[in-house]
2 protein chains.
Amino acid sequence: MLNFKEQAGQFELFLEQQQEKGLFKGAPQNLYDPCNYMLQLGGKRIRPAVCLMAAELFNPGISEDVYWSALAVELFHNFTLVHDDIMDEAPLRRGKATVYKQYTTTAAILSGDVMNIYAYRCLQNLQPANLPEVLRLFNKTAIEVCEGQQYDMDFEQQDIVAEADYIEMIRLKTAVLLAASMQMGAICANASQEQADMIYTFGLNLGIAFQLQDDFLDSFGTEAAVGKQIGGDIQANKKTFLAINALSLADATTAMELSRLKDIKGADKLSKTLDIYQKLGVDIACKKAIEQYTSKALEALDKIDVAQERKQAFTDLLNFLMNRNS
Amino acid sequence: MLNFKEQAGQFELFLEQQQEKGLFKGAPQNLYDPCNYMLQLGGKRIRPAVCLMAAELFNPGISEDVYWSALAVELFHNFTLVHDDIMDEAPLRRGKATVYKQYTTTAAILSGDVMNIYAYRCLQNLQPANLPEVLRLFNKTAIEVCEGQQYDMDFEQQDIVAEADYIEMIRLKTAVLLAASMQMGAICANASQEQADMIYTFGLNLGIAFQLQDDFLDSFGTEAAVGKQIGGDIQANKKTFLAINALSLADATTAMELSRLKDIKGADKLSKTLDIYQKLGVDIACKKAIEQYTSKALEALDKIDVAQERKQAFTDLLNFLMNRNS
């Protein structure tokens, strides 16, 4: 059994192989250059790696179908990042210029489109026995990811967002793709429907926990551990789990203070907002929610019908993802 | 055998059925409203109609697979229009505001994305026997359409475009989707590979002829027959078959005059450019090219191994499309 890092490495080799065979090579260059630019920005390759891990969990020999599914998921994910960055007007991605900044908005739209189509093109290589089920799951997931992005943008225009709606948004925007990546691997490894559903449940809850952890660390992490400046969400008035919970717990005076802080910038804004968050206990509420979703994930993992030691890579991954602040 | 109009009507019924069943209904509204807005702009439903026609050519009973293929193609086409209109900064589509003008660029990007994914979601309803072949053809075509759009935008930045490159661009941007629509219908109707390829060849050449006809009519048609103002391409300095041929045939003096005309606007620009086109004979060259591609289309249609009278709907369609100026 390979661990997460090793599977990510295996995927990287497959990706390089496909690039050597012609993926995003050739003309028109103005279409494919942005695709290559985006792919070489790297990232942790979490989704394809967990796809391979899930396949190996159920079947020691990882088939070509699994690799094609992994590549489909990674291309789809990259496509969404390219388009999201336009919509969010984000200048940087992984410390480099976003695609639409590096090229043009037009280039980013069309190159994103073609990356999405190439994701589907990967799936055409699947065995006929796996194709219908994987395609159905992939379509459902892709639609949900779009819906999640729309909710995220909608929320930015709303004064009040309910916690349940926020969780539903991150489920759609982030968690389902992680879950589907695992389930696609499981399907291609001939896992039973029940087992494939269970790894999906694991991935879904892990995905939600991971996103909540992201919210938490952006406010309460340390720069050294997180690897980026703390407080970005607060400075940008982002509607995170912390922000929406603070608003729902605040009394009238505190709500007015939060509203005043929204309109200013700088260190004062950050420290005073964090202060309110802690007084209201939203940091603790967030930690509790993270623990709940982590437990649900582990519960699902526990129910999967393979020897416990085969699950080590998943337990390690969960610990790695959830202990980024340590 | 139903004719083009009747098949378009059949498709419209299927589309309405799907809408009643929930297509683009539900939340988030900001995602699905633009999809519905785009679909209700209408259009001639050429691609789904020829998909149904091609199926009926080979098999009298049109299966569900054919309808799903037709809807996939129509959704894909609409998705490309939504994104193309952003890229081309087009304010109007079918006399109404384009999606990004009616809503926002952000809405148009994400709604276009989800329409593309819904196109693939239609294909998941195909019988397992048809799915792999149709998916492969659809992917190949979708990639080509993106490449065609990129070449089109590239050409606008180039001083000189070769005729062969222009033909290749319209093949990719326009013709392959018409051809694939027909071939998808043929595949779902169990036509042999050879026969399915033949209807593709028919559609491809018809598509090129149709686009060249569009170029011709925009300069040499009558407003009454074409249904829009004449001269739009010339006023916008678009690189049409006429424009690129004029530039390649012009002597130094005429080339300078064409270059001067590019920088002005108004009636004078139109009449003087048309004058040069006629002197250089590019109108005749264009008519000749249209005839060539029309002949190639008819040749392919002729080779299709079904009773000639079953082909009537296609011959009628070709005559209808190619005689819009009469």
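A few notes on this one:
- A single member of A:85, A:113, A:65 is modelled with pLDDT of 95 or more, touching a His at 6+ places or on another chain (Cβ under 8 Å) and not polar (S, T, N, Q), and it is A:113.
- Complete set of residues in the stretch B:236-265 that are part of a loop (DSSP other than H, G, I, E, B) and either touching a Phe, Trp or Tyr at 6+ places or on another chain (Cβ under 7 Å) or not aliphatic (A, V, I, L, M) (or both): B:237, B:238, B:239, B:240, B:251, B:263, B:265
- Leading residue by the ranking (farthest from residue A:116 (Cα to Cα)) among those in the stretch B:113-150 that are more than 7 Å from chain A (Cβ to nearest Cβ) and of a type in the set (Asp, Glu): B:133
- Unmet requirement for residue A:171, which otherwise passes all of (1) more than 8 Å from chain B (Cβ to nearest Cβ); (2) out of contact with any Gly (no Cβ under 9 Å at 6 or more places or on another chain): (2)
- Filter result for residue B:143 (β-branched (Val, Ile, Thr) and assigned by TED's automatic domain parsing to the domain that holds residue B:249): no
- Residue match in the stretch B:178-189 (condition: surrounded by fewer than 24 Cβ atoms within 10 Å (Cβ to Cβ) and within 28 Å of residue A:28 (Cβ to Cβ)): no
- In the stretch B:140-197, residue nearest to residue B:56 (Cα to Cα) [restricted to those that are part of a helix (DSSP H, G or I) and at pLDDT below 95]: B:156
- Residue in the stretch B:157-169 that is more than 30 Å from residue B:33 (Cα to Cα), of a type in the set (A, V, I, L, M) and under 15 Å from the mean Cα position of the chain (by Cα) present: yes
- Residues in the stretch B:220-241 that are within 28 Å of residue B:314 (Cβ to Cβ) and either buried (at least 23 other Cβ atoms within 10 Å of the Cβ) or not basic (Lys, Arg) (or both): B:220, B:221, B:222, B:224, B:225, B:226, B:227, B:240, B:241.
- For the stretch B:92-144, a residue qualifies if it is at positive phi and touching a residue at least 40 places away in the same chain (Cβ under 8 Å), and exactly one does: B:94.
- Filter pass, residue A:310 being modelled with pLDDT under 95 and either crowded, with 18+ Cβ neighbours inside 10 Å or closer than 27 Å to residue A:49 by Cα (or both): no
- Test: residue in the stretch A:237-244 that is at pLDDT 95 or above and farther than 30 Å from residue A:96 by Cβ: yes
- Looking at B:53, B:38, just one residue is touching a strand residue (DSSP E or B) at 6+ places or on another chain (Cβ under 9 Å), modelled with pLDDT of 95 or more and either in the same structural domain as residue B:237 (by TED's automatic domain parsing) or crowded, with 19+ Cβ neighbours inside 10 Å (or both), and that residue is B:38.
- Selection status of residue A:85, charged (D, E, K, R), touching a helix residue (DSSP H, G or I) at 6+ places or on another chain (Cβ under 7 Å) and closer than 30 Å to residue A:310 by Cα: no
Rundown of residues vs (1) more than 14 Å from every other protein chain (Cβ to nearest Cβ); (2) of a type in the set (S, T, N, Q), yes/no style:
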| position | (1), (2) |
| --- | --- |
| B:54 | yes, no |
| B:66 | yes, no |
| B:70 | yes, no |
| B:76 | no, no |
| B:82 | no, no |
| B:93 | yes, no |
| B:97 | yes, no |
| B:104 | no, yes |
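- Being in the same structural domain as residue B:213 (by TED's automatic domain parsing), buried (at least 19 other Cβ atoms within 10 Å of the Cβ) and more than 19 Å from residue B:220 (Cα to Cα) is a property that residue B:290 lacks.
- Neighbours by Cβ (under 7 Å, 6+ apart or cross-chain): first from the stretch A:17-43, over 14 Å from residue A:106 (Cα atoms); second assigned to a loop (DSSP other than H, G, I, E, B) and at pLDDT 95 or above: A:36/A:24
- Which listed residue, of B:283, B:268, B:305, is assigned by TED's automatic domain parsing to the domain that holds residue B:200 and not in a helix (DSSP H, G or I): B:305
The values are calculated or read from the model by the stated rules, or taken from the named source; none is laboratory data. Keep in mind the model is a prediction, meaning the values are calculated, not measured. Quick reminder, even Gly has a Cβ in these numbers, built from the backbone with ideal geometry, and neighbours come from all protein chains shown.
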